[in-house]
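K.L.:
One structure is given below, represented as structure tokens, and several questions about it will come after.
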């Protein structure tokens, strides 16, 4: 009689169970492994980004929105990328400033009218404190930081004024200020900073115009470029580094409290970006 071998059912069932478990482990392990790799990659990316985000900057924007005066104070944490050089924002806060008017200031549908005896003042939050909060305490700014790129853009129609300090456009306490005297049809642009000022040559302007002052630097020198719209008026030498305090407390538009000078004219839009940035001390 031929022997017929009978398989060991216990071994078969055991082996079948083991193979099922292995397949199940593979099914579970692969997604978990992919998830762990993804999380690890994200943590490296975030760590690299956080490590690079060691500078901060601010800018302010004055504009009219549906007949309402708006003033935004923007603080950003980020870093300058290379090829091309651009400012990469990691975190940003936008604070609508609370402002008080003086005199008979008129806010119209698309512009602010200054009658030579009016203006407004806005309380400015601490730049250093805002940066510390945004960075969760990782960036503590020094009392002064440097800038190599001051940009001011003004869309306005200026009235006639008297004196070199007349027609104040804006003044950021202990920081930057700008005035544009307009006498007998000739105009000059002045930008004041803690250690000096830049002055354009006299030029003719009438009606609504775009006034621009921008500091530009290369590897060895810096200049202030004064422009009326797209036309360059002149270039003025500039320091390589401008030191700006980080303890701003107030923004004045249309008047200067110390000289008691007021603006005559209309402002449609004002943008100030000193690109003042500095590594923290912590």
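K.L.:
By counting other Cβ atoms within 10 Å of each Cβ, how are 237, 259, 209 ranked from fewest to most? Don't skip to the answer; put the middle values down first.
P.N.:
Working: 237 9, 259 13, 209 16.
Neighbour counts put them in this order, fewest first: 237, 259, 209.
K.L.:
Computed FRET efficiency, Cβ-Cβ of residue 106 and residue 82, R0 35 Å: what is it to the nearest 0.05?
P.N.:
Values: r = 47 Å, r/R0 = 1.35.
Calculated transfer efficiency: 0.15.
K.L.:
Separate question: If a/c stays under 1.5 just call it rounded; otherwise compare a/b with b/c (prolate if a/b is bigger, oblate if not). Do that for segment 104-243, with a ≥ b ≥ c from the square roots of the Cα gyration tensor eigenvalues.
P.N.:
On the way: a/c = 2.26, a/b = 1.31, b/c = 1.73.
Judged from the Cα gyration tensor, segment 104-243 comes out oblate (a/c at least 1.5, b/c at or above a/b).
K.L.:
At a threshold of 8 angstrom on Cα-Cα distance, excluding pairs fewer than six apart, so keeping six or more, what relative contact order does segment 154-222 reach in percent?
P.N.:
Values: 113 pairs, mean separation 19.9, N = 69.
Computed over segment 154-222, the figure is 29 percent.
K.L.:
Highest mean first, what order results for 192-200, 100-108, 168-176 on Cβ atoms within 10 Å?
P.N.:
168-176, 192-200, 100-108
K.L.:
Can you sort 72, 273 so the residue with the fewest Cβ neighbours within 10 Å comes first? Write down the numbers at each step before the final one.
P.N.:
Values: 72 14, 273 18.
In order of increasing Cβ crowding within 10 Å: 72, 273.
K.L.:
Sticking with this structure for a sec: Which of 182, 88 has the fewest other C-beta atoms within 10 Å, and how do the rest follow up to the most?
P.N.:
On the way: 182 22, 88 12.
Listing 182, 88 from fewest to most nearby Cβ atoms yields 88, 182.
Coordinate-derived values only; no laboratory data. What you are looking at is a predicted structure, and each value in this text was computed from that prediction instead of being measured. We place every Cβ from the backbone using ideal geometry, glycine too, and count neighbours over all the protein chains shown.
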